[in-house]
Structures are given as structure tokens and as C-alpha cells.
1. Give just the number: which of (1) in a helix (DSSP H, G or I); (2) of a type in the set (A, V, I, L, M, F, W, C); (3) within 19 Å of the chain's Cα centre (by Cα) does Ala297 not satisfy?
2. Could you pull out the residue among Ser259, Ser255, Ser270 that is out of contact with any Leu (no Cβ under 8 Å at 6 or more places or on another chain), assigned to a helix (DSSP H, G or I) and either modelled with pLDDT of 95 or more or buried (at least 20 other Cβ atoms within 10 Å of the Cβ) (or both)?
3. Name the residue, out of Leu72, Leu26, Leu104, that is surrounded by 15 or more Cβ atoms within 10 Å (Cβ to Cβ), more than 25 Å from Leu356 (Cβ to Cβ) and either modelled with pLDDT of 95 or more or not polar (S, T, N, Q) (or both).
4. For the stretch 35-52, check the following and say yes or no: at least one residue is out of contact with any helix residue (DSSP H, G or I) (no Cβ under 7 Å at 6 or more places or on another chain), more than 26 Å from Gly145 (Cα to Cα), open to solvent by 10 Å² or more (accessible area, probe 1.4 Å) and among the hydrophobic types (A, V, I, L, M, F, W, C).
5. Going by the structure shown, is Val209 in contact (Cβ under 8 Å) with a residue 12 or more places away in the chain, under 27 Å from Ser305 (Cβ atoms), in contact with a helix residue (DSSP H, G or I) (Cβ under 6 Å, 6 or more places away or on another chain) and aliphatic (A, V, I, L, M)?
6. Residue check, Glu94 against (1) surrounded by fewer than 17 Cβ atoms within 10 Å (Cβ to Cβ); (2) among the acidic types (Asp, Glu); (3) under 30 Å from Ile183 (Cα atoms); (4) out of contact with any helix residue (DSSP H, G or I) (no Cβ under 8 Å at 6 or more places or on another chain), all met but one. Which one?
7. So is Met249 aliphatic (A, V, I, L, M), open to solvent by 20 Å² or more (accessible area, probe 1.4 Å), without any contact (Cβ under 8 Å) to a residue 24 or more places away in the chain and part of a helix (DSSP H, G or I) or not?
8. In this structure, is Pro124 at negative phi, assigned to a loop (DSSP other than H, G, I, E, B) and not hydroxyl-bearing (Ser, Thr, Tyr)?
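The values are calculated or read from the model by the stated rules, or taken from the named source; none is laboratory data. Small disclaimer: the values here were computed from a predicted structure and weren't measured. FYI the Cβ positions are ideal-geometry reconstructions off the backbone, even for glycines, and counts take in every protein chain you see. The protein model used for the area step is the full one, side chains on, heavy atoms only, and it has no ligands, DNA or RNA in it. Shrake-Rupley method; radii C 1.70, N 1.55, O 1.52, S 1.80 Å.
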Amino acid sequence: MMEKKIALIPGDGIGPEIVREARKILDKVCEKFGHSFTYTELLMGGCSIDAYGVPLTDETLEAAKASDSVLLGAVGGNVGNSRWYDVAPNLRPEAGLLAIRKGLGLFANIRPAYLYKELKAACPLREDIIGEGFDMVIMRELTGGLYFGERHTEEVDGVRKATDTLTYDENEIRRIAIKAFEIARKRKGNVISVDKANVLDSSRLWRQVAEEVAKDYPDVTLTHMLVDNCAMQLVMNPGQFDVILTENMFGDILSDEASMITGSIGMLSSASLSETKLGLYEPSHGSAPDIAGKDLANPIATILSAAMMLRYSFDMDKEADAVEAAVSKVLEDGYRTGDIMSEGCTQVGTIQMGDLIAERIESN
């Protein structure tokens, strides 16, 4: 029996609904596998602005730090007509997300891209390209690189000039590479490190450090791929990928490309990890305020994020497998929320989808 403390941040819009269903799944895992999870519910985003005037309080951050992991729903609202956005950028709901990532030291973002055979029709790729499907994760460095380097705009001899600086040191590269190799060990044992080493010094260092880390993982295969080739290969032969390791900007772009070829954003989980086992797990989609409270939201991305939490923060691989298998079984049985509905299937709401998945979790 394992005991874990989980911080729940339902957030805004559909966040409370999808987090409720994920908690339902986690409770079923405890029942089936004999674990004990205790939950602390925290406010972040627009709801925190309403309650405290800021998107993330110091007390919320400290409570998150004191937990074993954090499960997040979604934050924010409609930018055009929300009272949350008539304020400075650092007081808007999404600023809470950036602040908690920094406060928890979350430097590694994991974005899985998995194609369920039942949802092949939603994939924009041709069937001969899809083949037997694909199952990959993109490991993106989250706190360095071009997005966090020095930048300035100036006028030189009457010409406007903007400069952005791309910087990585070997320690930043090594820690994200270690995460990628550790995750590859839990999967198919293949890491493709993506860079632009034919042009960039930062990429040449990235490649060197990745090769150094690989020496400690003889059971994992490391190969290198230039980022432009990787972008092409994702739509030509996605089945070749297992773990893609890359820097911040490349990962930002490639993870969006990979998410599109799965065909449904409502199915996409994600995780952001620190140097410890503490991580923040959330669906890749937004808060969808237009459908909030209507029992229409797809909770599967959040449920799969909870499965990632079991696997990567708690080392509960069997339990994570059980959750993922239950999701697959529900899809095989023809149940769909509205966003993934297709002819011949049975449409269900948020609550029923959670119930159906919970019923199918088995401990063997």
C-alpha cells in the first residue's frame, strides 16, 4: 500500500468537471490496488482572482509544493468578454500557470501523442501512413532557450532591430536528457534527440550532452534528427517515434504538430516535471467556458493525465496501465463524448464517461 498527497487545482470553465472525473478514477485505483490518496483542493486562475485578487497566492504555491503531485484542470476564460482580462498581464488567469511552473521548478514538459485505433478516422493522415498507429511522447525543455534568453529591440542608424538570445548550458541539457532516458526505459527504449546541429552552437552542445547521458543508459537507443527532418517525418512516418527529446522552441512547435495528427485535442494529456518526483499534470486543452456546467466536456485527457501522474511521479506503472486500458475499452465499446462522436457510437456526457472508465479498471 502506498500513501500519496495530491493537490487538485480544478481551475475555471470545465476544469472542475474534468478534475472531478479524474479523481473518481484515482479513487477507483486506490480501491483496486490498495493505495491511499489524500486530496487538497486549491484555487488558481480566474477563480483565485475572484477569491483573492491574484491568479496564484503564495499559500496555494506552498500547498502545491507540500504535495506529492499536482493535478490541474484548466484556467482562464473568454478573453474578449471576461473581467479577468481587463487587468495587467501578470494578474490574468494564465499568469498563475506560469507562476506555478516556475515555483515548482518544472523544467521538463511531456506531451504524449497516441492514436487510438477507434479514432483513426479523425487522424488527418492517410491510412497507409498511419499504419498500425503511433505512440510517442515529446520531451520538451521548458525553462531555457530562446524564450528565456536576453532580448531587446533598438534602432540602429534609423533601422529597427530586434535581438533574441538562444542560450543553454550543459546542466540544463543534461537534466532534461536524463528525464527522457528514464521515460524511454518505461516505454520502447528509443530516444530521438532533435536539434539543428548543422547550424546552431547550442544544438551542437545539446547533441554532445545527449551522447554523454546515453552512456549511462545502455538499454536505451539514442539517435539524432535535425528539427526540419523531424517535422517532415511526423507526417510521413509517425510510427517510428518513441521519445522525442528537444529544446524549448522546437518542442513547442513539434508538440503542436504531433497533437494535430492524433485528431482530437480532447484526448491529449500532458505533464511538467521537476528534478524530484513532483510534477504537474494537466490536459492539453483549454477551459472551454462555453460548455462549462453542461455535462459536455470530454474528461479523457484529464484522466490520462492522472495516469501519467501514477506512472511518472508515483512509479505505479501497473495502475497507470489499468487506467489507460480502461479508456481504450470504453472507446472499443463505442462510447463517445460529443467532441469525438462518430456514426454508430453512443454519445455520453462527462459524468457517464468517467463512470464507464472507472467501471473498467481492473487490478490484474
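1. Of (1) in a helix (DSSP H, G or I); (2) of a type in the set (A, V, I, L, M, F, W, C); (3) within 19 Å of the chain's Cα centre (by Cα), only one is false for Ala297: (1).
2. Ser255
3. Being surrounded by 15 or more Cβ atoms within 10 Å (Cβ to Cβ), more than 25 Å from Leu356 (Cβ to Cβ) and either modelled with pLDDT of 95 or more or not polar (S, T, N, Q) (or both) holds for just one of Leu72, Leu26, Leu104, which is Leu104.
4. Yes, because at least one residue in the stretch 35-52 is out of contact with any helix residue (DSSP H, G or I) (no Cβ under 7 Å at 6 or more places or on another chain), more than 26 Å from Gly145 (Cα to Cα), open to solvent by 10 Å² or more (accessible area, probe 1.4 Å) and among the hydrophobic types (A, V, I, L, M, F, W, C).
5. Details: in contact (Cβ under 8 Å) with a residue 12 or more places away in the chain: yes; under 27 Å from Ser305 (Cβ atoms): no; in contact with a helix residue (DSSP H, G or I) (Cβ under 6 Å, 6 or more places away or on another chain): yes; aliphatic (A, V, I, L, M): yes.
So Val209 does not fit the description; no.
6. If we test Glu94 against (1) surrounded by fewer than 17 Cβ atoms within 10 Å (Cβ to Cβ); (2) among the acidic types (Asp, Glu); (3) under 30 Å from Ile183 (Cα atoms); (4) out of contact with any helix residue (DSSP H, G or I) (no Cβ under 8 Å at 6 or more places or on another chain), just (1) comes out false.
7. Taking the combined requirement at face value, the residue does not satisfy it.
8. Yes: the conditions hold for Pro124.
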